[in-house]
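Okay, structure first, notes after.
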Amino acid sequence: MRLTALAVVLIATLAQRLGAQTTRLTAAHTAPMLAGIDAASAHYADVARRIWRFAEVGYQEVQSSALLQSELKAAGFSVKSGVAGEPTAFVAEFGSGKPVIALLGEFDALPGLSQDSVPVRRPLQANGAGHGCGHHLFGTGSLASAIALKQWMQANGVKGTLRMIGTPAEEGGSGKVFMVRDGVFDDVDAVIVWHPGSSNFVDGSSSLANISGKFRFHGVAAHASSSPERGRSALDAVEIMDVMTNFLREHVPPETRIHYVITRGGAAPNVVPDDAEVYYYVRHPDVAVVKQVWRRVEDAARGASIGTGTTYDVSLVGATYALLPNETLGRVQQRALESVGGFTLTAGERDFALKLQQSEGFSAVPLEATAHVRPLTPGGAAQTSTDVGDVSWVVPTVQLYVATWVPGTVAHTWQATAAGGTSIGVKGMLVAAKAMALAAAELFASPSLVAAAKSELAAKRGVGFRYETVLADRKPPLDYRVGATP
C-alpha cells in the first residue's frame, strides 16, 4: 500500500511528538540484562545445536518445540501449547497488563538441506532435512531474549506482559497465518522478530505476498506398452499444466514469481501413472495480483485435466500478506542493534568462512560485514515471502536480520546449514537476542512509542481495513511436508 505524502508527514510528526515522551533507558539500567545473556551463552549454544540436529520440518517440530517450551517453563513462564490447531505452536507468557510485547520464535527446518558443520558439501543424512534458513538459531535467540527480559522486568518492577510465541511451519506452512486468524495476536501491542542472515540490519522493506498449493491429478493406470490407449496419465496432466504456467510467465506483472516442484510422478515407466502431484508457489508484492495470477494457474490445471482426460483437486497449503514495515518500531530496533553492534570472527572462524566462500555458487563478501550494522533504509521489497507479513498487518511489527552465516551466504542452501551449526551462528544469535531485548525494554519503558507504532499501522492500513486470509476456515496443513520429495 502507498501512502500520500501528507499521510507520511503526519505519521512522522506524531511519532516525534510521542517519542518526546519516551523514557530512554541508560546502559547501566540494561547492562545486567545483556550480561545475563552472555552468562548463559554456552547453554543457549547447546539448545540451538540440539535443534539444529533435530532438523524437523514444518508442523513436525515435536522435539524442537518441546525443548523450547521446557526452557521457558523452567525460567518461570506459563506456557500454553497446541494453539490455533497446531500441535507444535505455543504461547509463553510472563507478567500482566499492558503493554503486551511479543517475541516470535521459529524452529522448522527445510527438506533436502542436511549438512554437517563443515565448509564442504557433506550431508549428515541422505535427502535429510537441515536448517538452511537458521530457524534453530531463530527460536533459541528469541528464547534467550525472552528469559533475559523477564529477569529484567522482575528486577526493575516493570509492568506489562511479555510473550514468546512459538510459530511452526514458516517454510511454506503459513503457521502464523492460522494463529492470526484464530486470534492469537488480538491483544498484542507490538511484535519483535528477527531472522538469521549474512549481515546486520533492521528490515525496512516489504516482502512478497504468496499463495501456495498442491495440485493432484487422478488418471487411469494401464500397461504403458501393451495397452497405452486404456491409460489416462496423471503425470501428463502435471507436465502439461507446468508447460502452460511456464508460458504464462510472459503475461504476468514483472514482479511476479511462479515456481513449482513435482512431488509425485509415478512409480515405474511401464505403468501409466494414475496419481501425480505438483506443488506451486505464486508471489508478488501485491496480494491482489497474487490472487489474480493464482486463478490463472488454476485455469492451467483445469485445461490440463480436460486435455488429458484426468480429474484433479487442489489443496491450498499457505497464503501470506506482504510484510508491512513499521518505521516507529524500526527506529527503536535500530538504536538497539547499533548499541549491541556486530561481532568479529576468530582465526578459526575466518578459515572456515574463507573455505566456504570458495564453494560452488558462492558470491564472496568481505568477512568484516559481521562487525558492521547497516543504516535503517525504509522502502523496497525483498524477493522472499514470510508469514510474519500477516502478523504485521494486525500488530505493529519490526524485524531485524543478524549475521549468523558467512557473509555472502544465500538462505536455503547447504552453506547456510553449515555455518548455522558453528560458533559463527551462535555469535550472531546472541547479538539478535540482546538487540531484541533492548528494543522490547524500551517499549515497556515508553508506552508512547507503542502508541505511535499503532497509529502508524492504522494510517498505513487505511480506513476500513479488515484482515482476511484466502485460507479462510481451512485447518492447518499438518501433513504438508509428510512424504515430500526433497
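The values are calculated or read from the model by the stated rules, or taken from the named source; none is laboratory data. Because the structure is predicted, anything quoted here is derived from the model rather than measured. All Cβ positions, even for glycine, are placed from backbone atoms using ideal geometry, and neighbour counts span all protein chains on display. Accessible surface is based on the protein model in full, side chains and every heavy atom, while ligands, DNA and RNA are left aside. Shrake-Rupley method; radii C 1.70, N 1.55, O 1.52, S 1.80 Å.
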Which of the three applies to segment 409-467, rounded, prolate or oblate, going by the alpha-carbon gyration tensor with a ≥ b ≥ c and a/c under 1.5 meaning rounded? oblate
Ranking His135, His29, His412, His372 from most to least accessible area with a 1.4 Å probe gives His372, His412, His29, His135
Can you give me the C-alpha center-to-center distance between segment 329-354 and segment 47-70, rounded to a whole angstrom? 25 Å
Set Lys73/Lys475; Lys98/Lys176; Lys427/Lys454, cut-off 30 Å on Cα-Cα distance; pairs above it are Lys427/Lys454
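Can you list which of the DSSP-assigned H helices in the chain have a Cα extent of 27 Å or more along the long axis and an average Kyte-Doolittle score of at least 0.5?
423-445
Given R₀ = 30 Å, what would the calculated FRET efficiency be for Val482 paired with Asp187, taking r from the Cβ atoms and rounding to 0.05?
Between Val482 and Asp187 the formula returns 0.35.
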Need the full-extension length gain, Ala268 to Ser70, defined as separation in residues times 0.36 nm minus the C-alpha distance. One decimal, nm. 66.6 nm
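Does segment 35-99 classify as rounded, prolate or oblate by the C-alpha gyration tensor (a ≥ b ≥ c root eigenvalues; a/c under 1.5 gives rounded; else a/b over b/c gives prolate, otherwise oblate)?
Oblate is the answer for segment 35-99, as a/c is 1.5 or above yet b/c matches or exceeds a/b.
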Computed helical MRE - 222 nm, the chain, DSSP H runs ≥ 4 contributing -39500 (n - 2.57), nearest 500: -13000 deg cm²/dmol
Solvent accessible area, Å² - Val394, 1.4 Å probe, full protein context: 50 Å²
Can you work out the PRE-style zone for Phe465? Point 7 Å along Cα to Cβ, and I want the residues of segment 306-330 with backbone N under 17 Å. 320-330
Tell me, in nm to one decimal, what length is gained between Gln383 and Phe362 on full extension, where the rule is 0.36 nm per residue of separation less the Cα-Cα distance? 5.7 nm
Can you pull out the GluC sites (Glu not before Pro) in segment 425-480 whose DSSP state is coil and whose Cβ has at most 15 other Cβ atoms within 10 Å? Glu468
Neighbour-limited loop hits for GluC sites (Glu not before Pro), segment 334-416 (at most 14 other Cβ within 10 Å; DSSP other than H, G, I, E, B): Glu360
Specify the longest stretch of the chain that does not include any exposed loop site, a site being one of the trypsin sites (Lys or Arg not before Pro) with a non-H, G, I, E, B DSSP assignment and at most 10 other Cβ atoms within 10 Å. 25-465
On the full set of protein chains, 1.4 Å probe, figure out the accessible area of Ile192 and give it in Å² to the nearest 10. 0 Å²
Percent of accessible area on the chain owned by carbon and sulfur, 1.4 Å probe? 54 percent
With a probe of 1.4 Å, find how much accessible area the chain has per residue, and write the answer as a whole number in Å². 41 Å²
Mind sorting out which of (i) 1.21; (ii) 0.95; (iii) 1.00 is the real Rg/Rh (Cα atoms, Kirkwood Rh) computed from the coordinates? (iii)
